[in-house]
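Asker: Supplied in structure tokens, the structure appears directly below.
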Amino acid sequence: MAPSALPAFRRSWFIAALVALVAAGVVPLLGCDRPEANRDMKPLAALVRPGEPLPDLISSRLAASPECVRPGAPLNLTIQIPGGAGWPDSAIFIERNGLRLDNELMIEHRADSTIGTIGIDAPTEEGDHLFTLRGRSHNARVAAHAMVHVSAAGACAEGEVREVGRCVPVAEGHHIRLTRGVNVNSRGGDRYAQGQMTHPRAALLIDDVIVACMTDAIGLIPVDELPEVGKSDRSVAEGLRSRLVETLLEESGIIASENFLVLPQERIVITSSRGADWTTKGGLASWRLPPLDVRPLAPPRHISTLGGSGGFEGLTRYGDKIYAVRKPNAIAVLHLSDEGELVLEEDVVVPDMRGVWAIEAGENRLFVTDATGDGRSEVAAGRLHVFNIGDSGSPRLLGSARTSGTPRDVEVLGDEVVAVANGALGIDLFDVSDGRDPILIQRVETPGSTMGLSFDEGYLLVADWDSIRLYDASLRGRLRLLDGVDAFHRSFGALGGGLPITGLFAASFVHLDGGRFMATEFNVLLTGTIQPGAGDARLIVHDRGIRLGAGGEEDVPVSVRVSNGGRRPLDLYQRGMGLSRGGGPWSVAPGATAKLDLRVAGGQAVEGSRRSALVLHSNDPRRRRLRIPVVPPGGFQLGDRVPGFRLPMINLCADGSCPERSGCFDLDDEVAKGRPILLAAFASW
């Protein structure tokens, strides 16, 4: 991105059929007033066994030297398997990126272990390469992993590792360090009584103040007032919410905002809204920030409003112009007056676009995602459009390319490469050196749903719905996973009812700048830092709650999806399994996702307790012991009471009218009024 271009902020929530999730025991009560999580969870009384009878997994070791090597240079691999007998040479082999190596593995059987070495030439393709040790003998098997990075720059000095194109000191722990956060969903006072929406959409850290777009308001929070992760004083979060400095968006005549653009030097915030019904209720508004070094902070002040048929989505700035995409197929070109008022210069309608979403600027170009496919494929894909803005600043369409999925966010990575967030289909990397013909050069799968991207100094930070992921994007057209975090940890109880059990629920926005980052999810604002050179194994859980079906005394199968967000192998075992052999029944490669198939003895699993938990043990230094909630057996029958829930909504209809106002849908209230409920969904607002 050119130095004159400031980052744009544009994201949206996509949350559907929450009632079904609540009924399935996957998520807790959501919405306007999340109750304090139940921390009194007991482990399962029954033994949890693998779904299929597999031989015991022996904890083994595979090491590569050096871990960073030039293409084609010599590379040595060593193995160590506990136990000296019972491992025929033919039963042990090594794979590279899933393909078995033909090189001979020199094996030596000792009294206490089996060791082996192999010398090979490193791959010629730059990037990460995964080596895997596999073996099976009688009632035992082995699996171990090692990651090798191939770089034309070669290895770093001892005690350093190559990262984002440079050598950095090796550090313990993880790259992503969440430091502070707060649940802003219930802010207290009269506003909460009115049921206003408060979900954070985007946030930027300016010096020591967080400027946040919280759907219905522009809020200001001194970062040192946020509760620290790992601290348990809930009064800090409650006090912060009660004195939050904010201005309601309704002062601009627009009720809600999905995206915003912050111009720190001008102390201006521009909010965009697609509107309640995507017709005439959307628009843009400019706001004046108060001096951020004066305490107490004053609230932001509304300056101007610009309406627009169809509503607006993404925003970006390039030079002295502001570009905003307008539903369904236009780009508005604007500038700010000396007083901060929005002035429309031109409105460029592009017939080739039908569902614009995000926009980003770089090197005299605009990149726009279009969430509507081109009609040439049955796959639900969209398009990336490239515009030239030249000296005049007027957008002119150069070319377009189909994306793998429905595109949301777009980010310029430099070196004429652009990244596109594709929801459940991960990340696309496009070569845009020829803007007339963008070329897809890599598609990166992610375990969640990729919604937000932020690039800075070689790092790409990704909001992936139920996790935040960090990639090394310094190698052109390639992403290397460095870390991932789901915030599913007891230390997040400090966030005031934020993330003590469920972890990240709907992370859709991230912003990274100078090693510090902001992230937003359904209810919570988070801050953190990037620790270069780390890489320990990281346990990420994607199935945070399991509901057992009615199984009586018989064993009930359950599955838990986990992934390894770190760069070292993740070893897992469930209590009661594998202890006698010194290892666990699962070994998850760096960056890989695994499904753990288990069986629970249903008759004993939840006896005497309302809630139970699966207990996983791992070599993740942050989460050596993890509890996954299990809801008691027994499915819902016709006539059973559905768990209550609350959801913030707009356009509440009563007595035949549907006013444009925000409020809180409460299932218990609706049932008490005698209204039948089939399904409540909260989608695309």
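Asker: Starting from the 7 Å offset along Cα-to-Cβ, what nm value, one decimal, do you get for the label separation of N76 and D668?
Answerer: Modelled inter-label distance: 6.7 nm.
Asker: Okay, next question. Could you go through the stretch 172-183 in sequence order and give the Karplus-derived ³J(HN,Hα) for each residue, using 6.51 cos²θ - 1.76 cosθ + 1.60 with θ = phi - 60°, rounded to whole Hz, and x for Gly and Pro?
Answerer: Ordered by residue, 3J(HN,Hα) equals 7, x, 10, 5, 8, 10, 6, 10, 9, x, 7, 7 Hz.
Asker: Let me ask another. Leaving out same-chain residues fewer than 8 places away, which lysines sit with a Cα under 27 Å from that of K595?
Answerer: Filter leaves K42.
Asker: Counting other beta carbons within 10 Å of each Cβ, put E246, E670 in order, fewest first. Working shown, then result.
Answerer: Details: E246 20, E670 13.
The fewest-first ordering by Cβ neighbours comes to E670, E246.
Asker: Please give, to one decimal in nm, the separation of the simple spin-label points placed at S65 and H138, each 7 Å out from Cα toward the Cβ.
Answerer: Inter-label distance under the simple model: 3.2 nm.
Asker: Could you derive backbone 3J(HN,Hα) for the stretch 396-409 from the dihedral phi with the Karplus parameters 6.51, -1.76 and 1.60 (θ = phi - 60°), listing whole Hz in sequence and x where the residue is Gly or Pro?
Answerer: Those phi angles translate into 9, 5, 9, x, 9, 8, 6, 9, 5, x, 7, x, 10, 8 Hz.
Asker: Another question, if that's okay. Report the extension gain between R443 and I115 in nm, rounded to one decimal, defined as 0.36 nm multiplied by the number of residues separating them, less their alpha carbon distance.
Answerer: Values: separation 328, 0.36 × 328 = 118.08 nm, distance 3.77 nm.
Roughly 114.3 nm would be gained on extension.
Asker: How would the stretch 281-426 be classified by its alpha-carbon gyration tensor: rounded, prolate or oblate, with rounded meaning a/c under 1.5 and the a/b versus b/c comparison settling the rest? Present the calculation step by step, with values, prior to reporting the outcome.
Answerer: Numbers: a/c = 1.84, a/b = 1.73, b/c = 1.07.
Judged from the Cα gyration tensor, the stretch 281-426 comes out prolate (a/c at least 1.5, a/b above b/c).
Asker: Ok, one more. For the pair D208 and S337, what calculated FRET efficiency results from E = 1/(1 + (r/R0)^6), where r is the Cβ-Cβ distance and R0 = 25 Å, to the nearest 0.05?
Answerer: E between S337 and D208, to the nearest 0.05, is 0.25.
Asker: Using a 10 Å cut-off around each Cβ, can you sort D620, D293, D370 from fewest to most neighbouring Cβ atoms?
Answerer: Going from least to most buried by this count: D293, D620, D370.
Asker: Using 0.36 nm times the number of residues separating E158 and F93, minus their current alpha carbon distance, what extension gain do you get?
Answerer: Taking 0.36 nm per residue and subtracting the Cα distance, the gain is 20.5 nm.
Asker: Okay, moving on. Which percent of the Cα-Cα distances in the stretch 367-461 go past 17 Å?
Answerer: Working: 2130 of 4465 pairs.
Value for the stretch 367-461 (Cα pairs over 17 Å): 48 percent.
Asker: For the stretch 134-149, take each phi angle, set θ = phi - 60°, evaluate the Karplus expression 6.51 cos²θ - 1.76 cosθ + 1.60, and give the result in whole Hz per residue in order, putting x for glycine and proline.
Answerer: 9, x, 8, 8, 6, 9, 9, 9, 10, 7, 8, 9, 8, 9, 10, 9
Asker: Here's a follow-up. Can you list the GluC sites (Glu not before Pro) in the stretch 76-116 that are in a DSSP coil and have 13 or fewer other beta carbons within 10 angstrom? Please list the in-between numbers first.
Answerer: On the way: sites: E95, E104, E108; in loops: E104.
Those that pass, being in a loop and sparsely packed, are E104.
Asker: Same structure, new question: Which residues' amide hydrogens lie under 5 Å from the amide hydrogen of V170, considering only partners 5 or more residues apart or on another chain, with H built in the peptide plane?
Answerer: Here E160, V161 satisfy the definition.
Laboratory data are not the source of any read-out in this text; all were calculated from the coordinates shown. Everything numeric here is computed off the predicted structure, so don't read it as measured data. Every residue, glycine as well, gets a Cβ built from its backbone with ideal geometry; the counts of neighbours run over all protein chains shown.
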